[in-house]
Amino acid sequence: MVSPVSKHDAALFSLAVLFVSLPLLSGACGSYTPPPSTEIPASFSSQDLLIDSSTAEFTDTGTARNNMAPSGVPPIATLSSSKDAPRVGRIVRSRSADISRLISQSRGKVVLFHIYASWCGPCRYEFPSIVKLERTFHSAGLRVIAVSLDDREEDLAAFLKKNPAGFDSHWVFLESDTAAAEFGSTLERYSLDFTGGIPFSAVFDRNGRLVTQWTGAQSEETYRQILLPLL
C-alpha cells in the first residue's frame, strides 16, 4: 500500500528529478487523496507535543530533551525519568541537516528510518506496528527515526495523541522546491531511494550500513523478520 505525497506536487517534483523512480508495490494506490484535516479538540494544543530542533538536545534513545518546554509541560527527560514510565515522543521541528545528524549519530544502534504522514491511509495502518516494535526492541538496540511530511503540525499532533509513540516524530515541512531538494540530497547521501511515495522505510545495521529499504506498508511480522537478525 503506497500513498504519493500529493499535497506538495511542485516541491516533490524536484525529488523525482533527483532519484530514479521505484516501482510501486502490487495493489498500490496511484492517486491517494488525503482526507479532510483532522478536527482538533478545542481543549488540545499542538504545543503539548511540539518542540524545536534548535532548542533540543538529542539523546541516545532517539528522543529529544526539550530545553524550552511549553509552560506546564515537563521536558522528555522528566517524563522518562521513572524506570517504569513509558518513553514519551514529541514532535520536533526539524531541518534536513537534523535528519542527517540523527542518522550519523546512530552508529551502534539498529536504525529503522521511517517517513510518513498522518493523512496517509497506509501510514496510519502501519504506524501502530512500528510503535509496538520500538517498545519491544528498544532495550535491544532498536532506534526509530521517524520523519513526518504533514502539512500542519496540528494534524500530526492530533494523530500522535491518538497513537502515542516512544520515539520523536521529526516534522520536515517541504514548503518549497529548495526545501524538497535539500531533503532529497540528504536522503541520497545515505543511498536512500525516496521518490515521494509513503510510507517509506529503511533499515541500517549497527555499523551504519544500509540493509534494505522499501516503499509501502508492511506487516509487523515482516518487520520482525528484517530486524531480529540485526539486533
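FYI, it's all coordinate maths here, none of it is from the lab. Remember, predicted model here, so these are calculated numbers, not experimental data. For neighbour counting, all protein chains shown are included, and Cβ atoms are generated from backbone atoms with ideal geometry for every residue, glycine included.
Observations, loosely collected:
- Remark: K162, K109, K132 ranked as K162, K132, K109, counting other beta-carbon atoms within 10 Å and listing the fewest first.
- Of E221, E126, the sequence from fewest to most neighbouring Cβ atoms within 10 angstrom is E221, E126.
- Rounded FRET efficiency, nearest 0.05, which uses the C-beta distance separating R209 from S185 and R0 of 25 Å: 0.80
- Under a 5 Å amide H cut-off, with hydrogens placed 1.01 Å from N, R143 pairs with V110, V111, L112 among residues at least 5 apart or on other chains.
- Radius ratio Rg over Rh of segment 189-231, counting only Cα atoms, Kirkwood formula for Rh: 0.97
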